1. State all residues of region 28-58 that are surrounded by fewer than 15 Cβ atoms within 10 Å (Cβ to Cβ), of a type in the set (A, V, I, L, M, F, W, C) and either in contact with a strand residue (DSSP E or B) (Cβ under 7 Å, 6 or more places away or on another chain) or assigned to a loop (DSSP other than H, G, I, E, B) (or both); if no residue qualifies, say none.
2. Is it the case, given these coordinates, that Ile4 is at pLDDT below 95 and touching a strand residue (DSSP E or B) at 6+ places or on another chain (Cβ under 6 Å)?
3. Give the residues of region 16-25 that are of a type in the set (A, V, I, L, M, F, W, C) and either in contact with a helix residue (DSSP H, G or I) (Cβ under 6 Å, 6 or more places away or on another chain) or in a loop (DSSP other than H, G, I, E, B) (or both), sorted by residue number.
4. Would you point out the residue of region 8-27, among those that are out of contact with any strand residue (DSSP E or B) (no Cβ under 6 Å at 6 or more places or on another chain) and among the β-branched types (Val, Ile, Thr), that is surrounded by the fewest Cβ atoms within 10 Å (Cβ to Cβ)?
5. Of all residues being small (Gly, Ala, Ser) and without any contact (Cβ under 8 Å) to a residue 24 or more places away in the chain in region 49-81, which is nearest to Leu26 (Cα to Cα)? Just the residue, please.
6. Would you check which residues across region 82-110 are in contact (Cβ under 8 Å) with a residue 40 or more places away in the chain, assigned to a helix (DSSP H, G or I) and out of contact with any helix residue (DSSP H, G or I) (no Cβ under 7 Å at 6 or more places or on another chain) and list them?
7. Can you pull out the residues in region 61-81 that are small (Gly, Ala, Ser) and part of a strand (DSSP E or B)?
8. Take the residues in region 59-80 that are of a type in the set (Val, Ile, Thr) and surrounded by 13 or more Cβ atoms within 10 Å (Cβ to Cβ), then tell me which one is farthest from Lys35 (Cα to Cα).
Amino acid sequence: MARIEELDNIVTLADQMQTEEGPVVLINLFTVDAKDKEALLKAWAHDADFMKSQPGYISTQLHQGIAGSSNFVNYAIWQDVQSFRDAFTNPEFQRRIADYPDSAVARPHLVRKLAVENHCVA
């Protein structure tokens, strides 16, 4: 089972899930022992299959660190916080967390796009 840690110790994921805004992007940083990479990928794919069937889900992408890294980054775009909250707290999704290898640590956090002049559009 994956251990879940906060990416931000001041504003927790639980705090974020109490808000009502959107769209939002879930950033989830995973670490896992090298021997458990394939198990992590299998568990993540199983989760992604569930999430993509949920209302408000838009898309997801998983990345792996290069040069043999055991670090992964997932980002998933959601229509709004409520849609993410409903999917994340769904008992079926919560059961799927047990499928992750014991060495896995997940650090989920919700973010939003920002506009920065000459660089980013919101």
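1. Ile58 - this is the single residue of region 28-58 that is surrounded by fewer than 15 Cβ atoms within 10 Å (Cβ to Cβ), of a type in the set (A, V, I, L, M, F, W, C) and either in contact with a strand residue (DSSP E or B) (Cβ under 7 Å, 6 or more places away or on another chain) or assigned to a loop (DSSP other than H, G, I, E, B) (or both).
2. Criteria met by Ile4.
3. Scanning region 16-25 gives Met17, Val24.
4. Looking at residues that are out of contact with any strand residue (DSSP E or B) (no Cβ under 6 Å at 6 or more places or on another chain) and among the β-branched types (Val, Ile, Thr), I get Ile10.
5. Ranking the candidates gives Ser59 first.
6. Of everything in region 82-110, those that are in contact (Cβ under 8 Å) with a residue 40 or more places away in the chain, assigned to a helix (DSSP H, G or I) and out of contact with any helix residue (DSSP H, G or I) (no Cβ under 7 Å at 6 or more places or on another chain) turn out to be Gln82, Ser83, Phe84, Arg85, Phe88, Ile97, Ala98.
7. Ala76
8. Taking region 59-80 and keeping what is of a type in the set (Val, Ile, Thr), we get 60, 66, 73, 77.
Imposing the further condition that a residue be surrounded by 13 or more Cβ atoms within 10 Å (Cβ to Cβ) reduces the set to 60, 73, 77.
Numbers: Thr60: 25, Val73: 18, Ile77: 29 Å.
Checked region 59-80; the qualifying residue farthest from Lys35 (Cα to Cα) is Ile77.
The values are calculated or read from the model by the stated rules, or taken from the named source; none is laboratory data. Being a predicted model, the structure only gives us computed values, none of them experimental. Here the Cβ is made from the backbone with ideal geometry for all residues, glycine too, and neighbour counts use every protein chain on show.
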